[in-house]
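Heads up, the thing below is written out as structure tokens.
The values are calculated or read from the model by the stated rules, or taken from the named source; none is laboratory data. Keep in mind that this is a model prediction, so the values were computed, not measured. With ideal geometry, Cβ positions are generated from the backbone for all residues, glycine too; neighbour counts draw on all protein chains shown. Keep in mind that these areas ignore ligands, DNA and RNA; they rest on the heavy atoms of the full protein, side chains included. Shrake-Rupley method; radii C 1.70, N 1.55, O 1.52, S 1.80 Å.
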Amino acid sequence: MPQKAFFSYVALLGMILLVSCQGPQEEENKLTPEEVEKMVEEAYFHTFPIVENYKAIYAFYVDKTSPRYQPMNKLVHSAVLYTPEDKFVVSPNNDTFYSTATLDLRSQPVVIKVPEIKDRYYSFQFISLVTDNFAYVGSNSTGTDENIFVITPPTFNGELPEGVKQIAAPSEIVSVIGRTGVNVDDPEDIEKAKQTQSQYELGLMSEFYPEFQAKSVEPINFPSYQESDKENQRYFELLNFLLQYTKPNEKDAQIIGSYEVIGVRPGEGYPFYEENPEYREAILSGIKKGIEKIESSSKNLGKVVNGWTMFPLGEYFGDNFTARTNIAKIGIYANSPFEAYYPLAFVDGDGEILDGSNTYAVTFPKGELPPAKYFWSLTMYDNENQLLVENSINRYSIGDRTKGLKTSPDGSLTIYFSHQEPSQGKDNWLPAPAGGFNVMMRIYGPEDKVLDGTWKPAPIRKI
């Protein structure tokens, strides 16, 4: 059911009157183009994760011509790792097999069943329409035992079968990302990971419990999407469509409600643009400035330690709306820090931009590898698009499970980054593009010294 009611009470009365009141002071109180431009910029920055989320939802679950199309409420497994050909999600991981689904909870809850898994890391991440990570199932969160979970919509108030565990969703459309750890250099482990995936079950409540009575709902008429939509007024059409299917937290709802004066209204298209020709230039300019603000802000995710930008610690995301937007831009669907942590390097230890025309090295002294309970990796991305980098040895990440890594006589481990093969050879080489690049470190199951902020990653040095 659309959630328009959740927004109406939070709209700022004074601002609403600026555009809705009738009388002799209407022109006097009317928003100026400059005020509209500023509000559009702020609204764009604040709501960007919602529309960016739709980019993947559309490609995977709406566009039937897409090679990655899959129906909603079905769990689809991918037993291959991401490559440079995968362009739908920025900063993809290259460490796990994925099992993905988008849920439409309007008519009934969805059940997910997981088996006992003791031989490898796994997780299921539950993401709301605004991209909050609102729940986890897996090795690090709920343990290794067999379990049954039920994901319920915001309006659900019914009873659930005995023995199931409820996961209350804050939106009627939910993304689910399952990750199953795999060592791709080990054929036997690949088969074991596939067997683990085959034991996951996901489906509508009535499929598992036939006595459950589902509500009757109309199919959703999803709008089309193309990347250029984020550069014009179409952005707000998509935003208004999506807002009707979520229940933001109180502070988020208040902020989004304040944008009603510039036409942000759940489920209502975006007539504000056509009805106010005097604001059209201001709206487009505000969108441009919003894009520029995100570009700038996303390069300052957190404090920089030895050249590594440390992702914010704590909840993902609650009221931390700036972090929500920054991460949607640089690595949407990032795990919450307690599940996996992501130091990100755009610069070397001296603060110079990383460039593939140079050769770099990062050295982990003996006993000082990234502190992970499960495993760690380094993944290479092109600055131009934040995607994986095509290279001659088809290596897109490197880490503790990479076969053939060579340690130094003193027990340290050095990884090399460059476009051309370094003089040290291929064993410890992670190929870079010819130009600017960035490296993301992934620490699965980070130890306490990561989560309390005391751990410092080794710097990348130009050699």
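With only Lys, Arg, Asp and Glu charged, each at its Cβ (+1 for the first two, -1 for the last two), find how big the charge dipole of the stretch 46-173 is about the Cα centre; round to the nearest 20 debye.
260 debye
Considering only C-alpha atoms, what is the centroid distance from the stretch 280-345 to the stretch 41-55, in Å?
The stretch 280-345 and the stretch 41-55 have Cα centres separated by 12 Å.
Once the dipole of the chain is set up with Lys and Arg at +1 and Asp and Glu at -1 on Cβ about the Cα centre, which of Val62, Ile287, His77 lies farthest towards its positive end?
Toward the positive end, the furthest listed residue is His77.
Hey, what's the stretch 268-422 come to in accessible area per residue, 1.4 Å probe, Å²?
In whole numbers, the stretch 268-422 has 44 Å² accessible per residue.
Run through the stretch 25-79 and list the GluC sites (Glu not before Pro) located in a DSSP loop whose Cβ has at most 15 other Cβ atoms within 10 Å.
The qualifying sites: there are none.
Rounded to whole Hz and in sequence order, give me ³J(HN,Hα) for the stretch 441-454 from the Karplus expression 6.51 cos²θ - 1.76 cosθ + 1.60, θ = phi - 60°, writing x for Gly and Pro.
8, 10, 10, 8, x, x, 6, 4, 5, 6, 6, 8, x, 8
To the nearest 20 debye, what is the magnitude of the charge dipole of the stretch 236-379 about its Cα centre, counting +1 on the Cβ of each Lys and Arg and -1 on the Cβ of each Asp and Glu?
Computed about the Cα centre, the dipole is about 400 debye.
Quickly work out the Tyr209-to-Lys251 label distance, labels modelled 7 Å from Cα along the C-beta direction, and quote it in nm with one decimal.
Simple spin-label model gives 3.5 nm for this pair.
Can you tell me the accessible area per residue over the stretch 37-86, all protein chains present, probe 1.4 angstrom, in square angstrom?
Here the per-residue accessible area is 39 Å².
Please state the relative contact order of the chain as a whole percent: Cα pairs under 8 Å, 6+ residues apart?
The normalised contact order for the chain reaches 19 percent.
Can you compute the modelled spin-label distance between Gln424 and Asp186, with each label point 7 Å from Cα toward Cβ, in nm?
My value for the distance between the label points is 2.5 nm.
With 27 Å as the cut-off, how large is the P(r) tail for the chain, expressed as percent of Cα-Cα pairs?
Of all Cα-Cα pairs in the chain, 57 percent lie more than 27 Å apart.
Over the stretch 28-103, with every protein chain in place, what whole percent of the accessible area is carbon and sulfur at 1.4 Å, could you tell me?
The computed percentage sits at 53.
Distance cut-off 30 Å, Cα to Cα: go down the list Lys406/Lys462; Lys251/Lys288; Lys329/Lys406; Lys403/Lys462 and report the pairs above it.
Exceeds cut-off: Lys329/Lys406.
If you keep only loop residues by DSSP, which trypsin sites (Lys or Arg not before Pro) in the stretch 38-84 have at most 16 other Cβ atoms within 10 Å of their Cβ?
Hits after loop and neighbour filter: Lys64, Arg68, Lys74.
Using a 1.4 Å probe, how large is the accessible area of Met310, given in Å² and rounded to the nearest 10?
20 Å²
Nearest 20 debye, what's the magnitude of the dipole of the chain about its Cα centre given +1 on Lys and Arg Cβ and -1 on Asp and Glu Cβ?
With Lys and Arg at +1 and Asp and Glu at -1, about 920 debye.
So if R0 is 25 Å, what FRET efficiency would Lys194 and Asn385 give, r being the distance between their Cβ atoms, rounded to the nearest 0.05?
It comes to 0.25.
If you wrap a convex hull around the C-alpha atoms of the stretch 351-391 and split its volume per residue, what is the figure in Å³?
Expressed per residue, the convex hull around the Cα atoms of the stretch 351-391 is 141 Å³.
Ignoring any ligand, DNA or RNA, what whole percent of the accessible area of the stretch 322-460 comes from carbon and sulfur when the probe is 1.4 angstrom?
45 percent
If we sort 399-408, 239-248, 144-153 on the protection proxy, mean other Cβ atoms within 10 Å, highest first, what's the order?
239-248, 144-153, 399-408
Could you grab the relative contact order for the stretch 108-248? Cα pairs under 8 Å, six or more apart, rounded to a whole percent.
Dividing the mean separation by the residue count of the stretch 108-248 yields 31 percent.
Karplus couplings for the stretch 260-274 from phi (6.51 cos²θ - 1.76 cosθ + 1.60, θ = phi - 60°), rounded to Hz, Gly and Pro as x?
So the Karplus estimates, Gly and Pro as x, are 4, 5, 10, x, 7, 9, x, x, 10, x, 9, x, 3, 5, 6 Hz.
With a 1.4 Å probe and every protein chain kept in, tell me what percent of the accessible surface of the stretch 109-221 is carbon plus sulfur.
Carbon and sulfur atoms account for 43 percent of the accessible area of the stretch 109-221.
Based on the Cβ-Cβ distance from Thr32 to Asn221, what FRET efficiency comes out when R0 is 45 Å, to the nearest 0.05?
The pair Thr32/Asn221 has a calculated efficiency of 0.80.
Can you give the net charge of the other residues whose Cβ lies under 9 Å from the Cβ of Phe88, counting K and R as +1 and D and E as -1?
+2
Report the label-to-label distance for Lys449 and Ala168 in nanometres (one decimal), using points 7 Å from each Cα along the Cα→Cβ vector.
3.9 nm
Of all trypsin sites (Lys or Arg not before Pro) in the stretch 220-308, which ones are in loop regions per DSSP and have a Cβ with at most 16 other Cβ atoms within 10 Å?
Lys299, Lys303
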